[in-house]
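K.L.:
This structure is in structure tokens; I'll ask about it shortly.
The values are calculated or read from the model by the stated rules, or taken from the named source; none is laboratory data. Values in this document were obtained by computation on a predicted structure and should not be read as measured data. Methodologically, a virtual Cβ is constructed for each residue, glycine included, from the backbone with ideal geometry; neighbour enumeration extends over all protein chains shown. To get the accessible areas, we keep the full protein, side chains included, count just its heavy atoms, and leave off ligands, DNA and RNA. Shrake-Rupley method; radii C 1.70, N 1.55, O 1.52, S 1.80 Å.
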Amino acid sequence: TIPPLLIALNIMHALSLVAASLSLASALQIEPTPAVKPLLKLRGGLGGIDAGQVVTLVQGISAANAGVMSLAPKKAGEMYGVALTKWTEFFAQWSGIIMFGQVLTAYLHAGGMALPEALAWGFLPSCVASVQDFLNDRMVGEMGMGEAAKYAPPLVNLALTLGAFGKVPNLAPELAAKAAAVWMAANGLFGYFSTAAWLEGWGGKGLSAVESGMGKLMASTMCGGAVYIAASAFRGKTALECFGAMMGMYSLTSLDGLYLSKTTEAMGVDPPKVLFWAAIQAFTAAAVFL
């Protein structure tokens, strides 16, 4: 068993990262972002294509894919040819939950809702899932992670969500959104570029290439969320531009998995299935920015 003191230290470490995110976000203040414009009235698009319509269509496709991953991770694994284990199902489900939340945030943000509130609504699926995992002792009892993994996810998700809703005293929702961007970027980048160390930090040792690849996918979704939030909170970009930036980042990670890190090959995923998403992601980014 893990000593209680170590458990407490691990939890405090996770919460301290959130606190550090708040401090860093506070130091990176920018001028207030102008009122959000409706999604379909922002830009023309690539070659006369209505970028707003492209984004709306891609959001629908992405939401459907994320929904399947969230609600039926085994089915998602079968669709992409990923070997089914408790770890691949876990990462598939959480990747889907995070991406569904991103689509929800983007949809609400594009409709005129302020980023912090849209972000808070987008975080709700993660809050529900993390509390469910906590109540069912999934992290420790089923996955065999360290005790900190049982408490940190619900605490962090609830703290960021309440902060974005403006329910945390003395914490502006805009600052909470920036803290969320920093938190997700720190975790996502660590998980993407040092996947083995990231997973071992939560007790995931001895994972196969397929399982580590799915963990890297989850890390990439955290990076995607960080890009979307930061584009608005730190750079003052429109909702359409935020979504385009996120899709651009996803296209890079898709291509990286295919041709550089070759994670796709190690996982046994059929390349055309990844190319399909890379093409959609790249086209969306081009429709927004070109």
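K.L.:
What are the residues in the range 57-78 that are in contact (Cβ under 8 Å) with a residue 40 or more places away in the chain and either closer than 19 Å to Glu211 by Cα or of a type in the set (A, V, I, L, M, F, W, C) (or both), if any?
P.N.:
Within the range 57-78, the subset in contact (Cβ under 8 Å) with a residue 40 or more places away in the chain is 58-59, 61-63, 70.
Listed by number, the residues that qualify are Val58, Ile61, Ala63, Ser70.
K.L.:
Of a type in the set (Asp, Glu), within 21 Å of Phe90 (Cβ to Cβ), in contact (Cβ under 8 Å) with a residue 60 or more places away in the chain and open to solvent by 30 Å² or more (accessible area, probe 1.4 Å), is that true of Glu147?
P.N.:
Yes, satisfied.
K.L.:
Would you confirm whether any residue within the range 165-179 is of a type in the set (Phe, Trp, Tyr), at pLDDT 95 or above, more than 14 Å from the chain's Cα centre (by Cα) and surrounded by fewer than 19 Cβ atoms within 10 Å (Cβ to Cβ)?
P.N.:
Kept after step one, since they are of a type in the set (Phe, Trp, Tyr), are these residues of the range 165-179: 165.
Within this subset, residues satisfying the condition of being at pLDDT 95 or above are 165.
Subset that is more than 14 Å from the chain's Cα centre (by Cα): 165.
Those still in the list that are surrounded by fewer than 19 Cβ atoms within 10 Å (Cβ to Cβ) too: 165.
Yes, some residue in the range 165-179 is of a type in the set (Phe, Trp, Tyr), at pLDDT 95 or above, more than 14 Å from the chain's Cα centre (by Cα) and surrounded by fewer than 19 Cβ atoms within 10 Å (Cβ to Cβ).
K.L.:
Taking the condition of being open to solvent by 10 Å² or more (accessible area, probe 1.4 Å) and at negative phi, how many residues in the range 234-246 meet it? Show your work before the answer.
P.N.:
Looking only at the range 234-246, we keep the residues that are open to solvent by 10 Å² or more (accessible area, probe 1.4 Å), and these are 234-238, 241, 245.
Still in the running and at negative phi: 234-235, 237-238, 241, 245.
Looking only at that region, the number is 6.
K.L.:
Same structure, new question: Which of the residues that make up the range 254-263 are farther than 24 Å from Gln53 by Cα and crowded, with 20+ Cβ neighbours inside 10 Å?
P.N.:
Gly257, Thr263
K.L.:
Here's a check for you: in the range 202-211, which residue that is of a type outside the set (Phe, Trp, Tyr) and in contact (Cβ under 8 Å) with a residue 40 or more places away in the chain is least open to solvent (accessible area, probe 1.4 Å)?
P.N.:
In the first step, residues of the range 202-211 are kept if they are of a type outside the set (Phe, Trp, Tyr); the result is 203-211.
Those left that are additionally in contact (Cβ under 8 Å) with a residue 40 or more places away in the chain: 203-204, 207-211.
On the way: Gly203: 28, Gly204: 5, Leu207: 35, Ser208: 51, Ala209: 58, Val210: 25, Glu211: 22 Å².
Result: Gly204.
K.L.:
Is one or more of the residues making up the range 249-268 closer than 18 Å to Gly101 by Cα, of a type outside the set (Ser, Thr, Tyr) and part of a helix (DSSP H, G or I)? Spell out how you get there, then give the answer.
P.N.:
Of the range 249-268, the ones closer than 18 Å to Gly101 by Cα are 249-250.
In the following step, the residues that additionally are of a type outside the set (Ser, Thr, Tyr) were identified as 249.
Within this subset, residues satisfying the condition of being part of a helix (DSSP H, G or I) are 249.
Yes, the range 249-268 contains a residue that is closer than 18 Å to Gly101 by Cα, of a type outside the set (Ser, Thr, Tyr) and part of a helix (DSSP H, G or I).
K.L.:
Among the residues that make up the range 104-117, is at least one of them open to solvent by 50 Å² or more (accessible area, probe 1.4 Å) and in contact with a Gly (Cβ under 7 Å, 6 or more places away or on another chain)?
P.N.:
yes
K.L.:
Can I ask one more? Among the candidates Ala219, Ala282, Ala231, Ala266, single out the residue that is open to solvent by 30 Å² or more (accessible area, probe 1.4 Å), at pLDDT 95 or above and small (Gly, Ala, Ser).
P.N.:
On the way: Ala219 fails: open to solvent by 30 Å² or more (accessible area, probe 1.4 Å); Ala231 fails: open to solvent by 30 Å² or more (accessible area, probe 1.4 Å); Ala266 fails: at pLDDT 95 or above.
Every option except Ala282 fails the conditions.
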